[in-house]
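A.B. asks: For reference, the structure I am asking about is given below.
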Amino acid sequence: MDSLPIVLAKGFRAHKCNTAKEISSVGFCSSKNPYYFELKLHLTALFKNNRLASPLSMKITRAAKHDLTAVKNDLLNFNHSELFADRAYCDQSTKQKLA
């Protein structure tokens, strides 16, 4: 499970972008400096040994929405599975429910 940005516009165009305005947001990337207008894709994939993973579920949210908030309910549906995700996807209460 991981997330990645979907950049719709960047630089001076970020404040003028009208695409998916109801769920997009303007942000600033401190490492690359430009402003951007984007969404965030949260993807869960099914691992297959020695093969390309298959997408299991995906969700598109505002870029500003925290990863755990976006997929917390989805995480709790993984019974009898091993879950590989960034630390951003886990807090103390979610860890206890998954154990």
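No value in this document is a laboratory result; all are computed from the given coordinates. Keep in mind that what you see is a predicted model, and the values were worked out from it rather than measured. Don't worry about glycine lacking a Cβ; one is built from the backbone with ideal geometry, like all the others, and counts go over all protein chains shown.
A.B. asks: All other residues with a Cβ under 12 Å from the Cβ of Met1 taken together, and with Lys, Arg as +1 and Asp, Glu as -1, what is their net charge?
C.D. replies: Working: positive: Lys59, Lys72, Arg87; negative: Asp2, Asp67, Asp74, Glu82, Asp86.
Taking every Cβ under 12 Å from that of Met1, the sum is -2.
A.B. asks: Lys and Arg at +1, Asp and Glu at -1: add these up for the other residues within a Cβ distance under 14 Å of Phe47 and post the number.
C.D. replies: Values: positive: Lys48, Arg51; negative: Asp2, Glu82.
Here the charged neighbours net out to 0.
A.B. asks: Let me ask another. Take every Cα-Cα pair in the stretch 6-64 and report what % of them are more than 12 Å apart. Write out the running numbers ahead of the final one.
C.D. replies: On the way: 1164 of 1711 pairs.
Counting every Cα pair in the stretch 6-64, those more than 12 Å apart make up 68 percent.
A.B. asks: Express in nm, to one decimal, how much length is gained between Thr69 and Ser93 on full extension, taking 0.36 nm for each residue of separation and deducting their alpha carbon distance. Show your work: numbers first, answer last.
C.D. replies: Working: separation 24, 0.36 × 24 = 8.64 nm, distance 1.26 nm.
Taking 0.36 nm per residue and subtracting the Cα distance, the gain is 7.4 nm.
A.B. asks: Considering only Cα-Cα distances, which of the following residue pairs are longer than 21 Å: Lys16/Lys59; Lys10/Lys40; Lys21/Lys72? If you can, show how the numbers build up before the last one.
C.D. replies: On the way: Lys16/Lys59 25 Å; Lys10/Lys40 15 Å; Lys21/Lys72 24 Å.
Correct reply: Lys16/Lys59; Lys21/Lys72.
A.B. asks: Another one. Net charge near Phe37: determine it from the other residues with C-beta under 13 Å of the C-beta of Phe37, scoring Lys and Arg +1 and Asp and Glu -1.
C.D. replies: On the way: positive: Lys10, Arg13, Lys16, Lys21, Lys40, Arg62; negative: Glu22, Glu38.
Spelling it out: positives minus negatives among the neighbours equals +4.
A.B. asks: Continuing with this model, one more query. At a 10 angstrom cut-off on C-beta neighbours, averaged per residue, how do the peptides 14-27, 42-55, 61-74 rank from highest to lowest?
C.D. replies: Numbers: 14-27: 13.5, 42-55: 10.8, 61-74: 15.5.
Going from most to least packed, we get 61-74, 14-27, 42-55.
A.B. asks: Through the Karplus equation 6.51 cos²θ - 1.76 cosθ + 1.60, θ set to phi - 60°, convert the phi angles of the stretch 39-49 into ³J(HN,Hα) values in whole Hz; use x for Gly and Pro.
C.D. replies: These are the phi-based 3J(HN,Hα) values: 10, 10, 9, 10, 10, 10, 10, 9, 6, 10, 4 Hz.
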